[in-house]
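Here's the structure we're looking at; comments come further down.
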Amino acid sequence: MRIDSSGGLLIGTTSTDIANAGTVLYGGSNKGVLTLSSTNMQSLYINRSNDGTLAEFRSANTAEGTISVSGS
C-alpha cells in the first residue's frame with residue numbers, strides 16, 4: 001500500500017493504470033474515483049445478510065436508483 005504524490009491510495013499496485021490488478025482510490029483532480037481491477041477473479045463482491053439495498057446511486061446528493069436483493 002502506498003500514497004502517491006497526488007494523495008491517491010494504491011493497494012496491491014504501484015500504478016494507476018487500470019490494466020494493472022489492484023485497488024486505487026484516486027487523489028488530486030480525480031479524487032473520489034475508485035478502481036478495482038483483478039486478473040483472475042471478480043473485482044467486487046457485495047454482500048448483506050438479509051434482503052434489502054446493496055447499493056444506492058446518487059446525483060447531487062439525491063437518490064436516483066438502487067440495486068437490491070429480495071428472496072432467494
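For this structure, a couple of remarks:
- Within the stretch 1-36, the residues that satisfy the criterion of being within 28 Å of residue 66 (Cβ to Cβ), of a type in the set (Ser, Thr, Tyr) and in contact with a strand residue (DSSP E or B) (Cβ under 6 Å, 6 or more places away or on another chain) are 23, 35.
- Some residue of the stretch 40-59 being out of contact with any strand residue (DSSP E or B) (no Cβ under 6 Å at 6 or more places or on another chain) and among the β-branched types (Val, Ile, Thr): no
All of the numbers you see were taken from the coordinates with simple rules; none came from a lab. All figures in this text were calculated on a predicted structure; none of them were measured in a lab. When we count neighbours, we look across all protein chains shown, and the Cβ atoms used for this are built from the backbone with ideal geometry, even at glycine.
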